[in-house]
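Each value in this text was obtained by applying a stated rule to the coordinates, not by laboratory testing. Quick caveat: nothing in here was measured; it's all calculated off a predicted structure. Heads up, the Cβs are rebuilt from the backbone with ideal geometry, glycines too, and the neighbour counts pull from every protein chain shown.
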Amino acid sequence: MAKDIDWANLGFGYIKTDKRYISHWKDGEWDKGTLTEDNVLHISEGSTALHYGQQCFEGLKAYRAKDGSINLFRPDQNAQRMQRSCERLLMPTIPTEKFIEACRQVVSANEEFVPPYGTGGTLYLRPFVIGVGDNVGVHAAPEYIFSIFCTPVGAYFKGGLQPANFIVSDYDRAAPKGTGAAKVGGNYASSLLPGKEAQKRNFADAIYLDPATHTKIEEVGAANFFAITKDNRFITPFSPSILPSITKYSLLYLAEHRLGLEVEEGDVYIDQLNDYKEAGACGTAAVITPIGGIQNGDDFHVFHSETEVGPVTRQLYDELCGIQFGDKEAPEDWIVKVK
Ligand SMILES: Cc1ncc(COP(=O)(O)O)c(C=O)c1O
């Protein structure tokens with residue numbers, strides 16, 4: 001029985017669901033983990049997650065297919081990225097099987113919160129690892145919690161597949177050899193002010209340039225950037241301080257193997273936007289958000305249109321969402337069925 005939720009008008013907000021998964025690490029190992037109704041954590045005031053940002057997280061979605069079954073999209077990739085984030089912050093890693101099994105348990109236990117097919121809604125899963133336990137010095141924590149909660153969501157940027165405008169930030173999101181490639185909270189805490197400043201000026205979010213030279217696009221808020229060149233190549237920035245987006249790598253594959261485009265991970269210079277006929281932001285939450293225009297200082301550059309979606313962007317969107325919702329054949333191992 002589906003919950004009494006206005007599925008078609010979901011935003012990207014927290015709705016408390018019935019169950020969440022929680023597992024504890026102590027004395028060198030993770031326990032089996034359990035589902036709980038309690039959505040409040042009780043942790044030591046000395047937890048390293050609270051003081052030193054020793055924590056990381058993930059984001060993935062469960063999609064309701066036309067036949068009522070439920071798909072997870074490439075959860076092994078989220079598991080692997082979380083392992084890399086944990087290693088970067090000296091936290092114990094979660095084995096891939098444990099991660100996927102926990103995702104399945106959370107989705108199954110909250111099945112009534114998976115939005116019906118055709119509403120555009122999905123069930124967003126938020127896995128996280130935090131350092132906990134009594135501590136005060138700058139050390140790795142003595143204990144850890146791995147948990148996954150979920151919440152039904154709609155579009156992240158208002159309007160869904162509607163172009164949005166972005167503004168280049170004066171702030172850096174990450175340092176050249178810092179933690180930009182890890183999905184750690186500190187990267188997001190420092191993005192709150194630039195994000196707010198962008199929104200105050202009526203932009204959807206901030207665009208971050210490469211922190212070493214400030215000449216190349218790196219990230220679009222909490223999403224990766226891609227563009228289509230005037231000669232029809234798919235390009236997305238390559239840099240060690242970008243979060244390696246699972247959506248972005250999926251689009252690289254689909255652009256090449258389904259759309260027949262040449263693809264490239266390379267440099268996208270902020271002063272050469274004229275080379276591109278379309279641009280977009282991509283990520284689990286953003287899905288594909290077409291970029292209408294980019295404000296860079298006094299210059300406002302419009303790509304395809306501020307109101308219309310470009311044809312290649314639309315094709316990529318249809319291909320990606322078709323696979324996620326089970327309407328199009330998925331490349332091997334991209335879809336994990338929950339039921
Ligand atoms: C900073 C940042 N970049 C890119 C992405 C997109 O990554 P993915 O496609 O794996 O969701 C996210 C969201 O996870 C993000 O937070």
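What relative contact order, as a whole-number percentage, does segment 58-159 give when Cα pairs under 8 Å and 6 or more residues apart are counted? RCO, segment 58-159: 29 percent.
Under the criterion of Cα pairs below 8 Å and six or more residues apart, the relative contact order for the chain equals 20 percent. Rounded if a/c is under 1.5, else prolate if a/b beats b/c, else oblate: with a ≥ b ≥ c from the C-alpha gyration tensor eigenvalues square-rooted, which is the chain? Oblate, because a/c is 1.5 or more while a/b does not exceed b/c.
Note on His51 and Gln272: the extension gain reaches 75.4 nm, defined as 0.36 nm multiplied by sequence separation minus the Cα-Cα distance. Each other residue within a Cβ distance under 9 Å of Phe225 adds +1 if Lys or Arg and -1 if Asp or Glu, for a net charge of -1.
By the gyration tensor of its Cα atoms, with a ≥ b ≥ c the square roots of the eigenvalues, what is the shape of segment 168-246: rounded for a/c under 1.5, prolate for a/b over b/c, or oblate? It comes out oblate by the Cα gyration axes. Spin-label pair Leu35-Asp67: with each label point 7 Å from Cα along the Cα-Cβ axis, the two points sit 2.3 nm from one another.
If you take the Cα centroid of segment 203-252 and the Cα centroid of segment 265-290, the two points sit 6 Å apart.
Annotation for Tyr171 and Lys16: the two label points, set 7 Å from Cα along the Cα-Cβ direction, are 3.1 nm apart. Cβ under 14 Å from Pro237's Cβ, Pro237 left aside: what net charge do those residues give with Lys, Arg +1 and Asp, Glu -1? Result for the local shell: -3. Among the GluC sites (Glu not before Pro) in segment 304-339, those located in a DSSP loop and surrounded by at most 14 other Cβ atoms within 10 Å of their own Cβ are Glu308, Glu329, Glu332.
Hey, what number do you get for the chain at 222 nm if only DSSP H runs of n ≥ 4 count, each worth -39500 (n - 2.57), divided across all residues, to the nearest 500? Please list the in-between numbers first.
Details: 7 runs with 72 residues, N = 339.
Only helices count here, giving -6500 deg cm²/dmol.
By the count of other C-beta atoms within 10 Å, a proxy for reagent exposure, Leu10, Leu41 are ordered fewest to most as Leu41, Leu10.
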